[in-house]
Structure formats: structure tokens, C-alpha cells
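To start, the structure itself, in C-alpha cells.
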Amino acid sequence: MRGTLSNSQAMTGNRRRAGQNLLRDRTAAFQESLLRWFARHRRDLPWRRTPTPYRVWVSEIMLQQTRVRTVLPYYELFLKHFPDVRSLARASESEVLELWAGLGYYARARNLHQAAVRIVSEHRGRLPGTLEELLSLPGIGRYTAGAILSIAFNKSMPIVDGNIRRLICRLHGITGRRGEEFFWRQAAAWIPAGQASEFNQAVMELGALVCLPSSPLCPKCPVRDFCEARRLGTADRIPPSRPRATFQSVLFAVLVVEWDGHLLLSRKHVADYIPGEWGLPAATITAEKAARPAASLLARRALGMSVLLEEAGTVSHAITYRRIRARVFRAKPARKIPLPAPRAGCSWVGRSEAGRLLTSSLYRKALRAGRP
């Protein structure tokens, strides 16, 4: 009869529902197993030693799209220079970007600085402890706000990122699509009363160390007995693998002009994703053969005269999904003249001062390549 399930279909549906109900019916045991594992295996990370709202906030912003091992030295240096919100708010944006150089996604650093200024002016230098107030600050979204509130304030707030979506899908054996709110509801339902800080960190740690995107370490998982994907042998296929990200190739011409111990810097940005207030004169080009003419044009626009160009090599750099190749040229005066006045947007600075002002790793590489 149409609309009636066969016996085999009914049994399959019952097994699926039973598997998805397994974790729900044993939530307390699941929580206990995960927390016990975390107490033994948690990594000694600097933001965990003193999880103040400020330290948690800085760490979570740095960890966006960035691995822990990459973040560690940056975090330590950042906290050394800016130990609290007020010191961060007093800094200039260029000082913040200088310490951020190399981490990428520089909008994070700008938003961090802008938020610090707001926190000092609107919240007396203390990170607010409500979801609404945190979400109103630049650079703080639902995940970061949840992390701050749960880890630093121990409030029962869920966090959901790629790792946690994967955990939820595997534990419940979910192969189909689910709306975003499904994952936030499930993450909230997991949190044991009064233990949000430890539990959310444990969930994050499990996703980072054990429940990996590919080849998950199921035998080492502290909650494997609650996992439907492990029971069905489908952990490697949940969630389905995503296509690899495509990278954009970018080609620059970069000019290094050194004259009487001074280096020419430019305030004109070659691209908005290159950090810092200052850079070397640079231009985007579409082909390798355009590099020398572009460098010559840069020199004429910056100095109002022709110069002798010497190719200094090529440097490579990666920023988010971009792969940059920069053809570097040294520029020399065609004749011996005093230091010329640069055009608008450019300035002469000493080499040591240039090393401080150039916050982009790309320009620092180009400067090293351009040394005689």
C-alpha cells in the first residue's frame, strides 16, 4: 500500500532514531567522560592559565582561521606589549598591526583595537558580560561572544564552529544537511550546569586533538561509546569532505629606493589586504614582463625623475587565500644629486625606522631582497 513503510525501512528508521537518541538519553555520562578526559589531556595554553575576559578575547580573535602553534608566539608578545584593554586602546593602530604582522587576516587586529577603544570609553575598560553588548563590538560574532561568556564568565553559552559541527554530526550520525540553529541548540543542550567554562574548552579540545576532519582518532576518543558514526563505521565520511579552497595568484612590482642612508616609504596601499600604514612603493601587475615598466613608473611618480633599476629578485608571500609573487627592484639615481623631495604620499625614513614602520611581512621580505 502506498505510503506504508516496509519492514526493512521501518527497522532502518528505528535504528537511526535509536542511535540519535543514544547521546540524548546518556547526556550526563557523556559530559562526565569528556570532562574527565579534558582534565587529564588538556594542553597547557597561556590563555588557559589565567582565563580573564581580555585574555580569552585576544586568544579567540587570534585563533580565528589560525592554528594554535602559529598563534602562541604572537599571543605571548602581544600580551607583553598590551597586557590589558586600556593599554591596547592607548596604542596606535600601526603599533597593533606591527605586532600582528605575519598572522594574516589583518581586519581582526583593526577590529580588536577599535573594540578596545570602545570598551574603555563605553564600559570603563571592562569587557561586557552580556551577549548583546559583546555582539555590538567590532569583530565579535556569535562564536567569539559565546567563548568569552562561557570560558571567562562561566556562563552557559554555546559555541559552534567547524570542529563542533563535525562533533555533533558524528555523535548523532547525521549525514544530511541541518540548519545552523540546529547546531547551536545541540551545543547548548550539552553544557552541564555550572561547568560551561571547562566543558566548552573540552569540546574544543576534542575537536582539535581527536575528532579530526579526516582520519579521526576514534580508539582514543573519550566519548566513542556515545558516537553513532563510530558505531556505523562512517566517521571518515561524516561530514562529507568539502572541495579544497581555490587560491588566487597575485603579482606585484615592488620598489626599494635607498638614498644617502634613507629609505623611501609610501602611504599608498597596493591592496587593502596588505597591512600597515606604510609600505614600499608597489603596484599590481598582470604579467611578469610588466614588472620593470611598473617599477620605473613607480619611481617617476614617487620622485618625479627617472632612476636606474636593478632587479633584486622575487619574493613569495601568502595572505589568506592569496598567493603573492613580488618582483623586487632596487632604484638608484641616474646622477649624483642631493636627496630629492618625494611626491605626496611618500617619505624618506632611516632604515632602522623603516623596519619599525613596515608591518607587512611581504614588505619586510622585499626590503631584505633589495639590500645591495
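A compact table of results
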item	result
Tabulated pairs, the stretch 135-164, first farther than 11 Å from TRP57 by Cβ, second of a type in the set (Val, Ile, Thr) and outside any loop (DSSP other than H, G, I, E, B), C-beta under 7 angstrom, 6+ apart or interchain	ILE164/VAL203
Scan of the stretch 146-158 for residues that are in contact with a Leu (Cβ under 7 Å, 6 or more places away or on another chain) and either under 18 Å from LEU88 (Cβ atoms) or not aliphatic (A, V, I, L, M) (or both), ordered by number	ILE148, LYS155
Scan of the stretch 348-372 for residues that are touching a His at 6+ places or on another chain (Cβ under 9 Å) and surrounded by fewer than 16 Cβ atoms within 10 Å (Cβ to Cβ), ordered by number	GLY350, ARG351
Odd one out for ALA302 among (1) in contact with a His (Cβ under 7 Å, 6 or more places away or on another chain); (2) at pLDDT below 90; (3) buried (at least 19 other Cβ atoms within 10 Å of the Cβ)	(1)
Condition broken by ALA326, with the remaining ones in (1) farther than 14 Å from LEU264 by Cβ; (2) surrounded by fewer than 16 Cβ atoms within 10 Å (Cβ to Cβ) satisfied	(2)
Candidate set: the stretch 238-267, residues that are surrounded by 15 or more Cβ atoms within 10 Å (Cβ to Cβ) and assigned to a loop (DSSP other than H, G, I, E, B); chosen: the one nearest to the chain's Cα centre (by Cα)	PRO239
Flag for ARG170 being outside any helix (DSSP H, G or I), in the same structural domain as THR144 (by TED's automatic domain parsing) and of a type in the set (Lys, Arg)	no
Count of the stretch 125-151 residues which are closer than 17 Å to TRP184 by Cα and basic (Lys, Arg)	1
Yes/no for PRO216 being of a type outside the set (Ser, Thr, Tyr), part of a loop (DSSP other than H, G, I, E, B), buried (at least 20 other Cβ atoms within 10 Å of the Cβ) and at negative phi	yes
Lone qualifier among GLY304, GLY345, GLY313 - being at positive phi and either assigned by TED's automatic domain parsing to the domain that holds TRP100 or over 32 Å from the mean Cα position of the chain (by Cα) (or both)	GLY304
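The values are calculated or read from the model by the stated rules, or taken from the named source; none is laboratory data. What you are looking at is a predicted structure, and each value in this text was computed from that prediction instead of being measured. Reconstructed Cβ throughout: ideal geometry from the backbone, glycine too, with neighbour counts over all protein chains shown.
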